[in-house]
Amino acid sequence: MEQVYFDHAATTPPRGEVVEAMLPYLRERWGNPSSLHRTGNRALEGMERAREHLAALIGAQPDEIVFTGSGTEADNHALVGVWAAHRDRKNHIITSTIEHHAITHTVTFLEGLGAKVTHVPVDGAGLVDPEAVRTAITHQTALVSIMHANNEVGTIQPIAEIGAVCRERGVLFHTDAVQTVGHVPIDVSGLNIDLLSLSAHKLYGPKGVGALYMRKSAKLTSFIHGGGQELGRRASTENVASIVALGEAARLARQDMAAESAHVAALRDTLLREVQARIPNVHPTGHQSKRLPNNASFCVAGVEGEALVLDLDTAGFAVSSGSACTSGALEPSHVLLALGIPPEIARGSLRVSFGRSNTAEEVERFLAVFPGIVERLRDLSPVAAC
């Protein structure tokens with residue numbers, strides 16, 4: 001049985017055009033972009049073209065793009081780099097209670113080095129109040145880091161308003177935009193963003209490459225030390241083929257974003273509406289309008305999310321019980337708990353995330369089997385939840 005892939009928030013299949021763009025840089029243009037000879041220059045030209053495509057996608061200047069090995073590395077670079085550059089005068093970082101582990105674990109690490117960290121709360125829809133950020137800022141605050149959209153529930157934050165607060169108070173503002181770049185319009189200047197993290201494999205590119213946007217005025221230390229690559233901001237010979245692929249994915253995203261967004265939003269709305277109509281005790285999670293166009297997340301009372309994932313896998317559907325980075329965890333998601341969802345409900349979380357190749361017919365096939373799976377698991381459950 002061919003599996004229907006409904007887990008694009010975890011990773012996306014590389015587009016054929018993206019794979020084709022990589023191949024010359026694995027076969028013929030494999031030079032070191034730091035070399036001065038023709039072979040090196042051919043690799044450098046491909047990498048710089050990719051930098052231009054990515055900058056155009058987010059409204060940045062090409063020399064503000066630093067290529068990294070992942071979105072996680074970009075997050076670490078932003079947080080550790082800013083803290084290290086400012087810690088003598090500013091030792092305070094503000095983030096939210098629903099960030100990805102690439103942020104939460106990094107701020108925990110920095111706390112061990114002496115950083116002071118404030119976690120601002122979210123409301124029941126997963127939104128951060130910009131005024132809560134304003135209240136949390138002190139004269140010691142070096143950085144605010146609030147994700148653009150949550151990877152589990154899909155809520156899109158009021159980034160422009162939060163960024164405006166930071167700009168007013170003279171504090172650097174970073175956003176983890178791994179889930180949004182290539183899927184919703186982003187203009188780093190219009191959104192008052194100083195630092196932004198992204199990852200290629202979330203926008204139909206390969207794994208193992210990402211980028212950090214760094215506004216020219218942002219001061220932070222290098223995260224990886226060694227050579228002078230990336231204008232001295234990130235040592236290590238660049239992964240040219242994957243960077244070229246990221247550039248092509250960015251070019252295609254800029255071209256196709258509006259059409260894809262409308263397509264997946266229609267699938268999302270149909271699934272959320274019909275799941276609630278056909279199954280009792282289903283609880284949608286996240287903001288129901290300020291959300292990613294492809295993200296349908298909800299909790300099913302009386303069942304375990306992992307059991308739903310496994311049964312759906314057997315039925316031919318790939319979905320997630322939340323973040324791919326926490327799948328298999330026994331405890332309920334920290335994101336759902338931060339939204340105030342009771343643990344017994346949060347354990348039944350499911351995330352269905354669509355991509356450009358998904359169809360309405362696939363959604364109907366899902367809806368045909370999902371109620372029966374829920375009914376069977378509820379019958380097996382020792383807890384009567386319905």
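Each value in this text was obtained by applying a stated rule to the coordinates, not by laboratory testing. This is a predicted model, so every value here is computed, not measured. We place every Cβ from the backbone using ideal geometry, glycine too, and count neighbours over all the protein chains shown.
Across the chain, the longest run free of exposed loop sites, meaning trypsin sites (Lys or Arg not before Pro) lying outside DSSP classes H, G, I, E and B with no more than 13 other Cβ atoms within 10 Å, spans 220-386.
Here the 3J(HN,Hα) profile of the range 159-168, calculated from phi with Karplus coefficients 6.51, -1.76 and 1.60 at θ = phi - 60°, is 5, 4, 5, 5, x, 5, 4, 5, 4, 5 Hz, Gly and Pro shown as x. Residue by residue, the range 243-258 carries 3J(HN,Hα) couplings of 5, 4, 5, 4, x, 5, 4, 5, 4, 5, 4, 4, 6, 10, 4, 4 Hz when phi is fed to the Karplus relation 6.51 cos²θ - 1.76 cosθ + 1.60 (θ = phi - 60°); x denotes Gly or Pro. Using the Cβ of residue 122 as centre and a radius below 11 Å, the other residues enclosed give a net charge of -3, where K and R count +1 and D and E count -1. Backbone amide hydrogens, once placed in the peptide plane, bring residue 209 within less than 5 Å of 200, 201, excluding anything fewer than 5 places away on its chain. In a simple Cβ point-charge model (Lys, Arg +1; Asp, Glu -1; nothing else charged), the range 271-321 has a dipole of about 380 debye relative to its Cα centre. Along the charge dipole of the chain, Cβ charges K/R +1 and D/E -1, which of 132, 359, 308 sits furthest on the positive end? So the residue we want is 132. In straight-distance terms, cross-link reach from residue 90 covers every one of the aspartates and glutamates whose alpha-carbon lies under 18 Å from its own, apart from those fewer than eight places away in the same chain; here that gives 111, 168, 194. If every alpha-carbon in the chain counts as one equal scatterer, what log10 I(q)/I(0) does Debye give at q = 0.07, 0.12 1/Å? Normalising to I(0) and taking log10 leaves -0.32, -0.92. Of the GluC sites (Glu not before Pro) found in the range 1-89, the ones in coil according to DSSP and having at most 16 other Cβ atoms within 10 Å of their Cβ are 2, 28.
3J(HN,Hα) along the range 37-49, derived from phi through the Karplus expression 6.51 cos²θ - 1.76 cosθ + 1.60 where θ = phi - 60°, amounts to 7, 4, 4, x, 5, 5, 5, 4, 4, x, 5, 6, 5 Hz, with x in place of Gly and Pro.
Ordering 110, 369, 82 by the projection of their Cα atoms onto the charge dipole of the chain, which places +1 on the Cβ of Lys and Arg and -1 on the Cβ of Asp and Glu, puts 82 at the extreme positive end.
Taking Cα centre as origin and charging only the Cβ of basic (Lys, Arg, +1) and acidic (Asp, Glu, -1) residues, the dipole magnitude of the range 16-252 rounds to 660 debye.
Which residue fluctuates the most in the chain, going by a Gaussian network model with Cα springs under 10 Å, if the choices are 104, 175, 12? Looking only at 104, 175, 12, the biggest GNM fluctuation is shown by 104.
Most simply put, the chain has about 55% antiparallel DSSP beta bridges, counting only bridges with both residues inside it. Compared with the dominant principal axis of the Cα atoms in the chain, helix 305-315 is inclined by about 80°. Taking the longest Cα principal axis of the chain as reference, the axis of helix 101-112 is set at about 60 degrees.
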